[in-house]
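The values are calculated or read from the model by the stated rules, or taken from the named source; none is laboratory data. Keep in mind it's a predicted model, so treat the numbers as computed, not measured. We place every Cβ from the backbone using ideal geometry, glycine too, and count neighbours over all the protein chains shown. To get the accessible areas, we keep the full protein, side chains included, count just its heavy atoms, and leave off ligands, DNA and RNA. Shrake-Rupley method; radii C 1.70, N 1.55, O 1.52, S 1.80 Å.
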Amino acid sequence: MSKTVSINVEHITRVEGHGNIVVRVRDDKLETCHFEVVEAPRFFEAMLKGRSWYEAAIITSRICGICSIGHQMTSLKATETALKIPVSEQTVLFRKLLVDGSILSSHLLHVLFLAAPDVLGVPSAFALMDSNPHAVELALKTKRLANDLCDAVGGRMIHPITCVPGGFTDLPTPEVLRDLKTRYEKEMLPMLFEVADILESVAENFPDFTRETEFISLGDASEYPFYDGRIASTDGETYPVDEYLSVTNETIVDHSTAKHTHNKRASYMVGALARLNNNFDKLTDTAKQVAARFGLAAVNHNPFMNNVAQLVECVHCAQTVIGRIDDLLQRGIEPEKPPREWKGKPGRGVGSTEVPRGILFHDYTYDATGRIVKANCVIPTNQNFANVDLDMQAFVPEMLQRGMDDNAMQFNLEMLVRAYDPCISCSVHMVKVD
Amino acid sequence: MTAKKVRVGFFDFTGCEGCQLAKVSMENELPQILEHIEIVNFREAMSEKSWDMDVAFIEGSITTPACVERINRIRQAAPILVTLGACSTIGGINAIRVGRDLDEIRQEVYGDKRYLFPSLPVMPVSAVVKVDASIYGCPPNPKDVARFLTQFLAGKIPQAPKYPVCIECKLQGNACLLVQGIPCMGVVTRAGCGAWCPSKGQFCYGCRGLIPDANLDALRISFEECGLSQQEIDNKLHLFSGRELEKLS
Ligand code: SF4
Ligand code: SF4
Ligand code: SF4
């Protein structure tokens, strides 16, 4: 008997922003299968044109609330590289601490509120309150701790205040840092282990699906790279960040207001799983042990494991938070005096950091007055869309073969899209102005 | 107290979702408030007849023909409509004057596929439908949101302050940045955030929009004294308040 399937999920829930899943199978033939992005486009690169060096991070922060710390870091790095603004070791340490907090905050929100309902078999985070109140309590408490760290360093978690080119306008006191450290040791880590227990108990609910693909992230750094590094690929090569265009290759597709990307293969994946696949040996031992409980090791080609990779990164970051605070306290905290004026030569700078959802690039060209003449941002979610489409195109026939009905298929496809943790608002940033 | 809970709908237009996130990060402020409200989740596909709510909160700017249609439907269903955040209240960062034609930008971005994805010049919600009250800020300040909700639940339609951030800044006892030659917009910016940025050593960049009767000429003079060019001053004013300035001119 030949099979005809029609799945149409408008505005898939529990992802950031608006996207649709469209699948048509007629007489066993897969006719259409893609993820449509229907978020209204926003023209950030055009908005940056003519703006001053001290405004770029304020503007690009607003590309995405959840990734605002990552956008600011990337933007500041691009500006500092372009204009040769020096940054102290202390600034870098505080930025890394802030990034750890933002990774924790975003991952915890995704794993516990957006993805967990699927594996725990409930329709929403609201329903979790009845079925797994302890999971909700863990989510709220760990997220609060992550937010408190971001508030302390950045002034606030959404669109931080204190991060400016060349340093910080304000820093937390040693007392605040000591208190955070204690709470990360005594509360954060034990709670994360509990989260691991909960997920492990339902690990078999992560669908078994693999499709070989390329994973791209920062890599080749002295530590697990969220803030520094070269572009690394599981296909073996590394590239300097200012050659990102040869890796991202953005193209326009009809079904999406967001652009797609590909490197040497038809698509690649970015995000926690990509970072882990490229940098597994740089994880802390405890984080590696958590990965082992889920059979997660590099290179893993199951996109659903992205959720587990996020949890592993949470454990890693909670530990690096403790280490970095120790480091800062030992060095003693100096007040910073970031420059209020800039005089120098025009130039171009590419900044790249890992934001929760994957590798991010900002590329600015400045004129002699310190104003932007050209800007380009390549956002992680965009880099994943082509890979999501190809996963769906491989997964649908597999599910048909396993004899799944439309409902089960739809459930799995939504779960697949959510596993990528897409941030659709980010992705409709628009490209290249010169 | 077991009064009937207020049914609240949140609707999200074009923005960064930071306002949404600000809400879920308010758990410290919210427990008491949550007792009195019921958040209703609307499937967009449902007809407006089943949209039974007491108040609609709108986040994000109006940027496409589809947004216009949707905001009209929501306004029809909601007895009270409140904008939350700079994007929906004043147009916000989306409305940065890019100095060029929208069509030209779309051409650059999408080439000959530019008409595939219709867009409009960015508008605050009030440009399309009547707005009953607004919560300012990008992002909104949790304390300000809590103040708004508390007054709202007491039956008032809360009003935002009409005085500048400077007043709050002085109350905090901050050393003034402008006096040190740092171009701070607190003088012309609507208060309510508790002088969030100057309290952290950063200039106010005007995310809550302009106060009524803002003395922009005086601001220009002090910014010139800080060493800013006319272009830089214009840029600063147009960071969040582009649409408000259009109304003034
Ligand atoms: S007002 Fe600011 S925080 Fe809120 S959606 Fe708009 S850009 Fe984001
Ligand atoms: S620092 Fe800014 S907000 Fe504070 S008093 Fe000075 S001008 Fe006003
Ligand atoms: S100080 Fe100014 S920029 Fe900062 S939150 Fe308040 S109004 Fe917005």
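Observations
- Occluded residues from the range A:52-70, i.e. those whose accessible area drops by 10 Å² or more once the chain is not alone (1.4 Å probe): A:S52, A:Y54, A:E55, A:I58, A:I59, A:R62, A:G65, A:I66
- Under the convention that each Lys and Arg Cβ holds +1 and each Asp and Glu Cβ holds -1, the size of the dipole of the range A:131-203 around its Cα centre is about 160 debye.
- Comparing the full protein assembly with the isolated chain (1.4 Å probe, heavy atoms, ligands and nucleic acids excluded), the residues of the range B:64-97 losing at least 50 square angstrom of accessible area are B:I93, B:I96.
- Packing order of peptides A:352-358, A:290-296, A:106-112, highest average first: A:352-358, A:106-112, A:290-296 (average count of other Cβ atoms within 10 Å over each peptide's residues).
- Pairs from B:K130/B:K236; A:K96/A:K337; B:K5/B:K156 whose Cα-Cα separation, in the structure shown, is over 26 Å: B:K130/B:K236
- In sequence order, the range A:152-160 has phi-based couplings of 5, 8, x, x, 6, 7, 8, 6, x Hz under the Karplus curve 6.51 cos²θ - 1.76 cosθ + 1.60, θ = phi - 60°, and Gly or Pro positions carry x.
- Shielding by other protein chains, A:158-170, mean Cβ within 10 Å: 4
- Solvent-accessible area per residue in the protein assembly as shown equals 38 Å², computed with a 1.4 angstrom probe and all protein chains kept.
- Shape call, the range A:160-281: gyration tensor on alpha carbons, a/c limit 1.5: oblate
- Between B and A, accessible area buried - total, square angstrom, nearest 100, 1.4 angstrom probe: 4600 Å²
- As a calculated quantity, the FRET efficiency between A:M404 and A:N249 at R0 = 45 Å, using C-beta atoms, amounts to about 0.85.
- As a fraction of the 1.4 Å probe accessible area of the range B:165-248, surface on carbon and sulfur atoms comes out at 54 percent.
- When you restrict to C-alpha pairs under 8 Å that are six or more residues apart and normalise by the size of chain A, the relative contact order lands at 26 percent.
- Chain A - percent of accessible surface contributed by carbon and sulfur, probe 1.4 Å: 51 percent
- The per residue volume of the convex hull around the alpha-carbon atoms of the protein assembly as shown is 156 Å³.
- Rough spin-label spacing in nm, given labels placed 7 Å along Cα→Cβ, for A:H134 and A:D28: 4.9 nm
- Over the residues of chain A, the helix contribution to mean residue ellipticity at 222 nm works out to -13500 deg cm²/dmol, using -39500 (n - 2.57) for each DSSP H run of at least 4.
- Counting only other chain Cβ atoms within 10 Å of each residue's Cβ, the peptide B:228-237 averages 3.
- Its relative contact order, with pairs defined as Cα atoms under 8 Å and 6+ residues apart, puts the range A:146-303 at 19 percent.
- Full extension of the segment from A:E89 to A:S6, taken as 0.36 nm per residue of separation minus the current Cα-Cα distance, would add 24.3 nm.
- Straight-line cross-link partners of A:K186 among the lysines, defined as a Cα under 21 Å from its Cα and at least 8 positions apart when in the same chain: A:K141, A:K143, A:K288.
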